[in-house]
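Below: the structure, in structure tokens.
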Amino acid sequence: MQEHDLIVIGGGPGGYVAAIRAAQLGMNVACIDENEQPGGTCLRVGCIPSKAMLESSELYYQAKHSLSEHGVKFKHVELDLATMLHRKDKIVDTLTRGIKGLLKKNKVTHYQGRGRLDGAKRVVVTHNGKTTSLTAPHIIIATGSRSASLRGVELDGDRIVTSTEALAFSEVPKHLVVIGGGYIGLEMGSVWARLGAKVTVLEALDRILPATDKEIAERTHKLLEKQGIEFRLGVRVQSAKTKGKAVRVECEGGETVDCDRLLMAVGRVANTDDVGLDTVSVTTDRRGVIEVNHDFATSAAGVYAIGDCIPGPMLAHKASEEGVACVEKIAGRWAHVNYDTIPAVVYIHPEVAAVGRTEEQLQQDGVEYNKGAFPFVANGRAKTLGETEGMVKILADKKTDRVLGVHILGPRAGDLIHEAAAAMEFGAASEDIVRVCHAHPTLSESVHEAALAVTGRAIHI
Ligand code: FAD
Ligand code: AMP
């Protein structure tokens, strides 16, 4: 029996970050992951490989379609998909090795294998038929999530796939159908559309990006349509069948769509069905999500849970924040995750980024607000980049001027959003953003102008 102060099951951005912070706090930590490479969904088959493919495919698209505007002309632009995929794999390999190195540097014991709770304070790790028993007073479940499935649509890993396989298609699909207009569907759809596939997104709702501010989502929809992605809204997929290389998708109402590859992107479910929760009497909801309190403690003493397997947005940085807060609390220190200021980014082109509440949420909550918006078309830096689509929108409380939500569609939105996140974390008013001197010419000036627009003082519109 190996003894530790803390056992973390899962080596994703929730688990490995929790393990490293706990080691920094002086604990003897075990981190278990079933994969040879730690890093979880995020590093192996999520955030990082998808961003690598988004970057490469965007460069290919620009070389083909928009660099000539800059006077940069090519006689012939060729896609070398194998090199693109290899580059992505190399990035994943380097980063996951880096995590292994960080665990070692912090003296975290890394166990490869499946971890399973075995009653109070005990975890059994199984790898290649061999088991190792561990014990610790504190155990964190950070087992993450996997793609949700649809009854009637059977994944075959080739023609009908999840994002994992769609990150590694060895040839560009002729027609890729994506079920689900959430961020994973749009990111993967964008990659293959830029590389030449016909892409159709089937979305059950009457809009895409259901969690995003509606005005921003509608503008995004139009921009993606201009990029050639076809959307069919209000279409609920019921089943799909393969015949050789062809896939027929059947939707409610009898509509059918034929394609050669089908991507399931209908959300994600928690990986909690085989973690031994029953051995400590912890229950989950229908999607496998574990309920926790403010200290990330489950109903079983000494058992905690963080990341994609507990409620909240399924995002890597949210998982990491929770991991750190959870171990700080275990160590008896003060910690807090502010769920009102967790930014969310969709890495399509241009990017979509948000922090705080949407206009719809404010209206639903009966909060009166002022709105300041500024379009990138009026921003000098955006013009020089040739990236003038989109806007910054700031929502501030009508009475107090406190910033309640910031929504950006535009170039580098994923970087710009952090000024807003920092402002909101400090409880800023839109006037506080106004009083910050923004360098010229930068995209950030659009955030400044949107803050000015909250009180009707924008200069450049
Ligand atoms: P995970 O990263 O899922 O890690 C859990 C780990 O535990 C996995 O390695 C799993 O194999 C392992 N495991 C599970 N059960 C066991 C067990 N019993 N024993 C041992 N090991 C086990 N989020 C963002 O913030 N930004 C993005 O750009 C982004 N892009 C994404 C793109 C795609 C295509 C996908 C699929 C996801 C993306 N996400 C993104 C979401 C992000 O990956 C997750 O929110 C994040 O990885 C959750 O971290 P986690 O530590 O909770 O779980
Ligand atoms: P997200 O949860 O953000 O990853 O988005 C998943 C998307 O898939 C949501 O917009 C859902 O409305 C959509 N969706 C779920 N089930 C279906 C279905 N059967 N057919 C089409 N779209 C679906």
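Summary table
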item	result
Odd one out for L209, checked against (1) modelled with pLDDT of 95 or more; (2) within 14 Å of ligand 2 (Cβ to nearest atom); (3) open to solvent by 20 Å² or more (accessible area, probe 1.4 Å)	(3)
Members of the range 120-133 found to be open to solvent by 20 Å² or more (accessible area, probe 1.4 Å), in a strand (DSSP E or B) and touching a strand residue (DSSP E or B) at 6+ places or on another chain (Cβ under 7 Å), listed by number	R122, V124, T126, H127, T131, T132, S133
Output for the range 270-304, where each listed residue is farther than 30 Å from S239 by Cβ and in a strand (DSSP E or B)	I290, A297, V303, Y304
One residue from I310, I229 being modelled with pLDDT of 95 or more, farther than 18 Å from G46 by Cβ and surrounded by 23 or more Cβ atoms within 10 Å (Cβ to Cβ)	I229
Filter result for E218 (open to solvent by 10 Å² or more (accessible area, probe 1.4 Å) and free of Cβ contacts under 8 Å to residues at least 12 places away in the same chain)	yes
For E69: the one exception among (1) modelled with pLDDT of 95 or more; (2) within 30 Å of H349 (Cα to Cα)	(1)
Selection from the range 31-40 of residues that are open to solvent by less than 50 Å² (accessible area, probe 1.4 Å) and either within 16 Å of ligand 2 (Cβ to nearest atom) or within 22 Å of V124 (Cβ to Cβ) (or both)	C31, I32, D33, N35, P38, G40
Check on L176, under 22 Å from D80 (Cβ atoms) and part of a strand (DSSP E or B)	yes
Close pairs from the range 15-30: first part of a helix (DSSP H, G or I), partner modelled with pLDDT under 95, Cβ under 6 Å, at least 6 apart	Y16/P38
Filtered residue count, the range 241-269, keeping only those that are within 10 Å of ligand 2 (Cβ to nearest atom) and part of a strand (DSSP E or B)	4
Unique match (being closer than 25 Å to E187 by Cα, within 16 Å of ligand 1 (Cβ to nearest atom) and either among the β-branched types (V, I, T) or touching a Lys or Arg at 6+ places or on another chain (Cβ under 7 Å) (or both)) among V45, V77, V8	V45
Residues located in the range 410-443, provided they are open to solvent by 50 Å² or more (accessible area, probe 1.4 Å), under 20 Å from A396 (Cα atoms), more than 18 Å from the chain's Cα centre (by Cα) and of a type outside the set (D, E, K, R)	F426, V436, C437
Identity of the residue in the range 322-332, open to solvent by 40 Å² or more (accessible area, probe 1.4 Å) and in contact (Cβ under 8 Å) with a residue 24 or more places away in the chain, that ends up nearest to the chain's Cα centre (by Cα)	V324
Looking only at the range 82-119, and only at residues there that are within 25 Å of the chain's Cα centre (by Cα) and basic (K, R), the one that is most open to solvent (accessible area, probe 1.4 Å)	R97
Elements of type helices (runs of 4 or more DSSP H) contained in the range 407-461, each with 2 or more residues being over 16 Å from F376 (Cα atoms)	413-425, 430-434
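The values are calculated or read from the model by the stated rules, or taken from the named source; none is laboratory data. These numbers come from a predicted model, not from an experiment. Note: ideal-geometry Cβ built from the backbone for every residue, glycine included; neighbour counts use all protein chains shown. SASA here: full protein model, heavy atoms, side chains in, ligands and nucleic acids out. Shrake-Rupley method; radii C 1.70, N 1.55, O 1.52, S 1.80 Å.
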